[in-house]
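J.: The structure under discussion is supplied below as structure tokens; questions concerning it will follow.
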Amino acid sequence: MTDYGSATEGGDDSSIVVPLHEARLERIGRERDELPVTFHRRELDLILRVYGRMVAAGEWRDYAIDHLKDRAVFSVYRRASEVPLYQIHKVPALARRQGAFSVVAASGLILKRGHELARILAFFDEKPRLVRA
């Protein structure tokens, strides 16, 4: 007869029997904690549409995607050797507060933030206006 969860009579702890369903649940929970934040396919599709339009306009030339533990970052560059011109952040921890998505300038200034990625990306649709003093 097997005694689940207790050591054998000899005091050897290496022969503890753990039910398979408990081992699976423990492994799944651990893997979820270790997974980085990523962009979903639809989110990446929206971002790459804007990127393609800006590349066609000659304004952007390169990009990088970082999947970190607490955020996902899509960085766009004018040249590959420079600092990012803009960064699009996805921070799920802020989803219920200010919104998970934001556009950040090279200086670190948050230019636009919100809950919906499409509205955030509308920042790049705005045409520059001539302001007379």
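All of the numbers you see were taken from the coordinates with simple rules; none came from a lab. Note that the coordinates shown come from a computational prediction; the quantities given were computed from them, not determined experimentally. We place every Cβ from the backbone using ideal geometry, glycine too, and count neighbours over all the protein chains shown.
J.: Does any residue of segment 86-100 turn out to be within 30 Å of E34 (Cα to Cα), over 14 Å from the mean Cα position of the chain (by Cα) and exposed (fewer than 12 other Cβ atoms within 10 Å of the Cβ)?
T.: Yes, segment 86-100 contains at least one residue that is within 30 Å of E34 (Cα to Cα), over 14 Å from the mean Cα position of the chain (by Cα) and exposed (fewer than 12 other Cβ atoms within 10 Å of the Cβ).
J.: Say whether the condition of being among the small types (G, A, S), buried (at least 16 other Cβ atoms within 10 Å of the Cβ) and within 18 Å of the chain's Cα centre (by Cα) is met by at least one residue in segment 57-77.
T.: The answer is yes, given that some residue of segment 57-77 is among the small types (G, A, S), buried (at least 16 other Cβ atoms within 10 Å of the Cβ) and within 18 Å of the chain's Cα centre (by Cα).
J.: In addition: Looking at this structure, is I110 β-branched (V, I, T), within 22 Å of P36 (Cβ to Cβ) and without any contact (Cβ under 8 Å) to a residue 12 or more places away in the chain?
T.: Spelling it out, I110 is indeed β-branched (V, I, T), within 22 Å of P36 (Cβ to Cβ) and without any contact (Cβ under 8 Å) to a residue 12 or more places away in the chain.
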